[in-house]
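Chemist: Here's a structure for you.
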Amino acid sequence: MELRITEIFFSLQGETRTVGLPTVFVRLTGCPLRCGYCDTAYAFKGGKKLSLEDILTQVKRYQTRYVTITGGEPLAQKNCLPLMQRLCDEGYHVSLETSGALDISDVDPRVVKVVDLKTPASTESEKNLYSNIDHLNKHDQVKFVICNREDYDWSVATMNHYQLSNICEVLFSPSYKDIAGTTLADWIVNDQLPVRFQIQLHKILWQDQPGK
């Protein structure tokens, strides 16, 4: 059993509920989307085929229980599912960063699913698979990356329509190069939204360096 891997690295989690915690990142290669704000285009192609055992061996080198499966789009590789299951069996706290365009129904329920619902400015919002909402658990998270006011209004309307804040945690994140964090923060506070505001910690610390 093999997966095509762009990189495996150890860093601080820059987003989500576990922000700041030392985490192993397993970045799978390939993605069917081309979001306008994508910051990991280097993971679209290339990579190296590794066996499941090779991946586990590399993960075990680091003294942490936190593992994030990311991409690219991890679910574009079918062997992502047994990888996450095996990591959970090994006792790791596993999170999956997924675009929301592919079916999450077969993801191990122990995995924290971080589902990115694509906003209009991403140019890929028509790819959102809204049936995924039926497969979210309380420990999961839905993320909106917001580039402008239109994105913000769309995100609020989508959150309210699907009552997402009653299902799981909702994250609003400013697109790093498109909107000031203070602007989005002010909108959230003024509207008293039931969301978690987040800034990508790794962008602040290391800018756009791969493997950080």
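The values are calculated or read from the model by the stated rules, or taken from the named source; none is laboratory data. Since we're looking at a predicted model, the values are computed, not measured. Cβ coordinates were reconstructed from backbone atoms using ideal geometry, including for glycine residues, and neighbour counts include every protein chain displayed.
Chemist: Does T70 satisfy the condition of being surrounded by fewer than 16 Cβ atoms within 10 Å (Cβ to Cβ), in contact with a strand residue (DSSP E or B) (Cβ under 6 Å, 6 or more places away or on another chain), of a type in the set (S, T, Y) and at pLDDT 95 or above?
Modeler: So T70 fails the test.
Every residue, every condition in (1) touching a His at 6+ places or on another chain (Cβ under 8 Å); (2) in contact (Cβ under 8 Å) with a residue 24 or more places away in the chain; (3) closer than 21 Å to T98 by Cβ; (4) among the polar types (S, T, N, Q), yes or no:
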site: D151; (1), (2), (3), (4): no, yes, yes, no
site: W154; (1), (2), (3), (4): no, yes, yes, no
site: N160; (1), (2), (3), (4): no, no, no, yes
site: S165; (1), (2), (3), (4): no, yes, yes, yes
site: L171; (1), (2), (3), (4): no, yes, yes, no
site: Y176; (1), (2), (3), (4): no, yes, yes, no
site: A180; (1), (2), (3), (4): no, no, no, no
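Chemist: Looking at segment 151-201 only, could you name the residues that are over 20 Å from T18 (Cβ atoms) and modelled with pLDDT under 95?
Modeler: Residues satisfying the conditions are S175, K177, D178, I179, A180, T182.
Chemist: Right, here's the next one. Can you work out which of the residues in segment 73-93 that are among the charged types (D, E, K, R) and surrounded by 16 or more Cβ atoms within 10 Å (Cβ to Cβ) is farthest from G14 (Cα to Cα)?
Modeler: R86
Chemist: Quick one: which of L164, L171, L184 is touching a Lys or Arg at 6+ places or on another chain (Cβ under 6 Å) and not basic (K, R)?
Modeler: L171
Chemist: Name, by its number, the condition in (1) surrounded by fewer than 19 Cβ atoms within 10 Å (Cβ to Cβ); (2) modelled with pLDDT under 95 that does not hold for Q13.
Modeler: (1)
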